[in-house]
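> Have a look at this one before I ask anything.
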2 protein chains.
Amino acid sequence: MRNFEEKTTNTQVIYNGKVVHLQVDDVLLPDGKTAKREIVNHPGAVAVIPITADNKIIFVEQYRKPLEKSLLEIPAGKLEPGEDPEVTAIRELEEETGYTTNELSFVTSFYTSPGFANEIMYIYISDQLEVVDQPLAGDEDEFIKIHALTLEEAKKYVEAERIHDAKTNYAILYLHALGMK
Amino acid sequence: MRNFEEKTTNTQVIYNGKVVHLQVDDVLLPDGKTAKREIVNHPGAVAVIPITADNKIIFVEQYRKPLEKSLLEIPAGKLEPGEDPEVTAIRELEEETGYTTNELSFVTSFYTSPGFANEIMYIYISDQLEVVDQPLAGDEDEFIKIHALTLEEAKKYVEAERIHDAKTNYAILYLHALGMK
């Protein structure tokens, strides 16, 4: 699938940050004209839908500076270079919730915003959670509160837009489609 | 909901582009420490799930430079400042597919990547499409191919990762959950 391909004629690196790496490419369009493409390079991310033995979903609440408010989200974190997404999934689950698992099932993956970013999101689910006695410490600058909610409760949080991001809205719809009670 | 709030002590504007506006904020954390937050400011976007009279879903295929490949996606576009999302929805539907509608239903909205971007995505659905005789011209630098697929065909595109972005994967799951055949 190389039709519509846009060939890069120049790349200008704008910023190399902790999360965001921004570049602007000059491209040659299929009709021979040129355009600029702003591209956020991102290492990718992994999320887990954690289901407890009493059939609740674990969410983490954290402040999201770009939105200037906190959201409840399924636990997630960035991929380290070359890391297997399942390894990321288990690390982030432990750091953010204090649970671990050795049974993960793949749900889906998707690009979050393909118009300007190459971030891919992998989503897993586990209903085989174990409490970790001394869980891994999370990132120093992350402040997190845990919520365990039934699917019905979670749907109310979606309506109230306290759950309001792509991976978590997808997860709720996925559990609904599975027939979870 | 102002707990965990991160107060901005300084904002540095890195880049103001056509799509991406990048800033880096210095913030004061709840424990009194400081951190940097990289924030992509985005005007928000609107997508439509277009269903034809013969029960097919209309997708647009376009090259996504950040991924260096083309994807099939539901039609979508950026909000203009102050614009009602339904107006954006109808304009983008017409520009990208040549259909219009005066019956849109709201499906959901979500932030695509709340860790580093404030982009919100609004999703609508319409099964009342009308062909436009002389549709609005799309953006000069957009090259688009239209695909009309049944839900079963679309699910195969998801498996093959030719459909592979948040709004479109959500749309497929939504139609599946609705019981569309």
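Quick note: the coordinates plus some simple rules give every number you see, no bench work behind them. None of these values were measured; they are calculated from a predicted model. With ideal geometry, Cβ positions are generated from the backbone for all residues, glycine too; neighbour counts draw on all protein chains shown.
> Which of the aspartates and glutamates could a cross-linker bridge to B:K156, judged by Cα under 16 Å and excluding same-chain residues fewer than eight apart?
Within reach: B:E61, B:E73, B:D165.
> Could you give me D for segment B:75-117, from Stokes-Einstein at 4 °C and 1.567 mPa s, where the hydrodynamic radius is the Kirkwood radius over C-alpha pairs? Units µm² s⁻¹, please.
For these conditions, the coefficient is 110 µm²/s.
> Within straight cross-link reach of A:K33, meaning Cα distance under 29 Å, which lysines are found once same-chain residues fewer than 8 apart are removed?
Leaving aside lysines fewer than 8 places away in the same chain, those within reach of A:K33 are A:K7, B:K18, B:K65, B:K69, B:K78, B:K145.
> What residues qualify as long-range amide H neighbours of A:K69, i.e. H under 5 Å apart, gap of 5 or more or another chain, H built at 1.01 Å from N?
Hits under the 5 Å cutoff: A:R64.
> What is the Cα coordinate range of the protein assembly as shown on the first, second and third principal axes, sorted by size from largest, in whole angstrom?
65, 47, 38
> Something else: By average Cβ neighbour count within 10 Å, what is the ranking of B:93-102, A:90-99 from highest down?
With the highest mean Cβ count within 10 Å placed first, the list reads A:90-99, B:93-102.
> Could you compute the FRET efficiency for A:D54 and A:D84, with r as their C-beta to C-beta distance and R0 at 30 Å, rounded to 0.05?
Taking R0 as 30 Å, the efficiency between A:D54 and A:D84 is 0.50.
> Between the alpha-carbon centers of segment A:57-118 and segment B:26-62, tell me the distance in whole angstrom.
Each part's Cα centre sits 16 Å from the other's.
> With the dipole of segment A:45-178 worked out from charges on the C-beta (+1 for Lys and Arg, -1 for Asp and Glu) around the Cα centre, which of A:I58, A:I172, A:Y99 lies farthest toward the positive end?
Farthest towards the positive pole: A:I172.
> Report, for B:V13, each distance to the same residue's label point in the other copies, shortest first and in nm; define the point 7 Å along Cα→Cβ.
Reported distances to equivalent positions: 2.5 nm.
> Can you list the lysines whose alpha carbon sits under 17 Å from that of A:K155, skipping same-chain ones fewer than 8 residues off?
A:K56, A:K167, A:K181
> Still on this structure: Read phi for every residue in segment A:23-33 and hand back ³J(HN,Hα) as whole Hz from Karplus 6.51 cos²θ - 1.76 cosθ + 1.60, θ = phi - 60°, with x for Gly and Pro.
Karplus-based 3J(HN,Hα) across segment A:23-33 equals 9, 10, 9, 8, 10, 9, 7, x, 8, x, 6 Hz.
> Given the DSSP H assignment, sum -39500 (n - 2.57) over each helix run of at least 4 residues in the protein assembly as shown and divide by its residue total; what's the result at 222 nm in deg cm²/dmol, nearest 500?
-6000 deg cm²/dmol
> In nm, to one decimal, how far is the B:D133 label point from the B:K69 one, both placed 7 Å along Cα→Cβ?
About 4.2 nm separates the two model spin labels.
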